[in-house]
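Right, one structure below, let's go through it.
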Amino acid sequence: MFGFKKRAKRVLDKNNIPKHVAIIMDGNGRWAKKRGLPRSVGHSMGAKNLENIVDFAGNMGVKYLTVYAFSTENWKRPKEEVDALMKLLKDYLLDFDNLLGKKDARLRVFGHREELSDEINELIDICEEKSKHKTGISINIALNYGGRLEICQAVKKIAQNVKDGNVNVEDIDEKMISDNLYTYDVPDPDLIIRPSGEYRLSNFLLWQCAYSEFWYSDIFWPDFTTKKFEDAIIDYQLRNRRFGGV
Ligand code: FPP
């Protein structure tokens, strides 16, 4: 009678869960700064938060969750911060059996492995091997990952195949490029989430994001709750994806 409209309750549609969600886990540094803490504490809290989101996304039915943990450009950060991030990743892999290993979750690492330490590379191999039979959610950690580098490497592999006479130039197509990326057997991300109030891709999944939906939030990653994740999925479900059609 006063003209107030009751807002419709936003409900998750369990039949339209995105298969692949990718997250740029941004804002750890500012989260820590706001509390007068070292940036490394922000990263640790960010890693903790990932655990909650992994469980929530897995229970919801998301099949692939790709998270940006360290970019090819992140080496430019102060040594202390790079070391702290590498230690965090190492500890995460060392604790695999108590964390991801207990879940129906597969772990994969996408990125340029050569620059990582032998110890981290060995741990990655072990954790990937241990979890490769899991059929639940696949957690893909983008580590020393850069979209441009990934595409360059794919181009090099294809060029070598042409040089060796195994591929004709005319046969190079989008599928061949996709087949030579880290994500060769993973569907393109349906949804890319970036918290912390930044609105850029930062060299993340450049080839794969052609028709991804984007979702942004001002909240720093360590504070990004499962409720926020659900909000992002509900918003995604309200989008009209046309893939260039009508
Ligand atoms: C960006 O925030 C975040 C990173 C460069 C690192 C993200 C890494 C983690 C959350 C840890 C992941 C760990 C595991 C075990 C998977 P920022 O540092 O740029 O924050 P700022 O923009 O506020 O400075």
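The values are calculated or read from the model by the stated rules, or taken from the named source; none is laboratory data. Only a predicted model underlies this, so the values are computations on that prediction, with no experimental measurement involved. Cβ atoms come from the backbone with ideal geometry, glycine included; neighbour counts cover every protein chain shown.
Evaluate the following for THR72: is it closer than 26 Å to LEU205 by Cα, touching a Gly at 6+ places or on another chain (Cβ under 8 Å) and either β-branched (Val, Ile, Thr) or modelled with pLDDT under 95 (or both)? Yes: the conditions hold for THR72. Give the residue, chosen from ALA57, ALA84, ALA32, that is near the ligand (Cβ under 9 Å from one of its atoms), among the hydrophobic types (A, V, I, L, M, F, W, C) and either part of a helix (DSSP H, G or I) or closer than 27 Å to GLU150 by Cβ (or both). ALA32 is the lone residue from the list that is near the ligand (Cβ under 9 Å from one of its atoms), among the hydrophobic types (A, V, I, L, M, F, W, C) and either part of a helix (DSSP H, G or I) or closer than 27 Å to GLU150 by Cβ (or both).
Scan the stretch 193-228 for residues that are within 16 Å of the ligand (Cβ to nearest atom), under 15 Å from the mean Cα position of the chain (by Cα) and in a loop (DSSP other than H, G, I, E, B) and the total you get is 8. Quick check: is even one residue across the stretch 49-71 of a type outside the set (D, E, K, R), crowded, with 18+ Cβ neighbours inside 10 Å and more than 29 Å from SER178 (Cα to Cα)? Checked the stretch 49-71: at least one residue is of a type outside the set (D, E, K, R), crowded, with 18+ Cβ neighbours inside 10 Å and more than 29 Å from SER178 (Cα to Cα). Quick one: which residue in LYS5, LYS79, LYS9 is modelled with pLDDT of 95 or more and away from the ligand (no atom under 14 Å from the Cβ)? Checking each option against the conditions leaves just LYS79. Can you spot a residue in the stretch 170-192 that is out of contact with any Ser or Thr (no Cβ under 7 Å at 6 or more places or on another chain), farther than 28 Å from ARG106 by Cα and in a loop (DSSP other than H, G, I, E, B)? Yes. Taking ASN140, is it touching a helix residue (DSSP H, G or I) at 6+ places or on another chain (Cβ under 8 Å), part of a strand (DSSP E or B) and within 14 Å of the ligand (Cβ to nearest atom)? Against the criterion (touching a helix residue (DSSP H, G or I) at 6+ places or on another chain (Cβ under 8 Å), part of a strand (DSSP E or B) and within 14 Å of the ligand (Cβ to nearest atom)), ASN140 does not qualify.
Every condition in (1) touching a residue at least 60 places away in the same chain (Cβ under 8 Å); (2) touching a Leu at 6+ places or on another chain (Cβ under 7 Å); (3) more than 10 Å from the ligand (Cβ to nearest atom) holds for PHE70 except the one numbered (3).
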